[in-house]
């Protein structure tokens with residue numbers, strides 16, 4: 001027993017000077033850097049809904065953009081406390097097919113509803129049935145800001161996730177109808193004739 005204690009004391013005595021060397025300092029520095037770079041498991045994820053946003057202004061801005069780009073506005077009601085709201089937001093971003101449809105056909109506005117006590121004037125204005133169907137909840141607005149449909153997202157779920165086919169079917173059914181190119185060209189030619197100008201025809205696609 002005494003021999004073991006003496007050996008332990010000797011080891012500690014030998015180790016202390018070594019730790020004063022640049023090698024030990026480098027090792028501790030590397031360890032500290034690794035610990036600093038390691039993600040904090042308790043770190044809070046970024047909020048899905050901006051609780052300080054002015055939802056009315058956000059919707060007005062989205063409607064103005066939608067009118068210029070021949071899109072519709074998708075209002076997504078929810079809260080950061082709502083697990084299904086977070087799931088839907090992740091689904092909208094990570095599912096490539098759905099994300100593509102949203103990018104080219106919609107202006108998306110996320111509206112924080114607090115604990116069903118915030119932005120309720122917008123909920124009432126657009127006829128959203130949040131208290132009946134819960135959140136997340138969807139409202140589609142046309143290019144003039146008029147609500148054309150409301151949709152509870154429970155119907156778009158399948159088990160513990162949102163169903164791509166159901167979500168895609170809903171989004172494609174509610175997107176703006178394609179512009180009648182011939183009518184638009186005829187209108188432009190007529191106006192150009194009155195103004196003594198020419199028409200520049202630009203062929204393209206949103207993608």
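The figures follow:
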quantity	calculated
Selection within the stretch 151-163 - buried (at least 18 other Cβ atoms within 10 Å of the Cβ) and either in a strand (DSSP E or B) or free of Cβ contacts under 8 Å to residues at least 12 places away in the same chain (or both)	151, 162
Qualifying residue in the stretch 31-45 (condition: at pLDDT 95 or above and either touching a helix residue (DSSP H, G or I) at 6+ places or on another chain (Cβ under 9 Å) or at positive phi (or both))	no
Residue list for the stretch 95-114, restricted to those being farther than 20 Å from residue 53 by Cα, surrounded by fewer than 19 Cβ atoms within 10 Å (Cβ to Cβ) and more than 14 Å from the chain's Cα centre (by Cα)	97, 104
Residue count, the stretch 104-120 (criterion: assigned to a helix (DSSP H, G or I) and in contact (Cβ under 8 Å) with a residue 24 or more places away in the chain)	2
Residue in the stretch 183-193 that is surrounded by 12 or more Cβ atoms within 10 Å (Cβ to Cβ), in contact (Cβ under 8 Å) with a residue 12 or more places away in the chain and over 23 Å from the mean Cα position of the chain (by Cα) present	yes
Close pairs from the stretch 83-95: first at positive phi and touching a residue at least 60 places away in the same chain (Cβ under 8 Å), partner crowded, with 17+ Cβ neighbours inside 10 Å and not in a helix (DSSP H, G or I), Cβ under 8 Å, at least 6 apart	none
Filter result (modelled with pLDDT of 95 or more and not in a helix (DSSP H, G or I)) within the stretch 164-186	175, 176
Members of the stretch 74-94 that are surrounded by 14 or more Cβ atoms within 10 Å (Cβ to Cβ) and not in a helix (DSSP H, G or I)	74, 75, 76, 77, 78, 79, 80, 82
Checklist (1) touching a residue at least 12 places away in the same chain (Cβ under 8 Å); (2) within 16 Å of residue 162 (Cα to Cα); (3) in a helix (DSSP H, G or I) applied to residue 138, failing item	(3)
Verdict on residue 125 being on the phi < 0 side of the Ramachandran plot, in a helix (DSSP H, G or I) and modelled with pLDDT under 95	no
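The values are calculated or read from the model by the stated rules, or taken from the named source; none is laboratory data. Since the structure is predicted, the reported quantities are computational estimates derived from the model, not experimental observations. Reconstructed Cβ throughout: ideal geometry from the backbone, glycine too, with neighbour counts over all protein chains shown.
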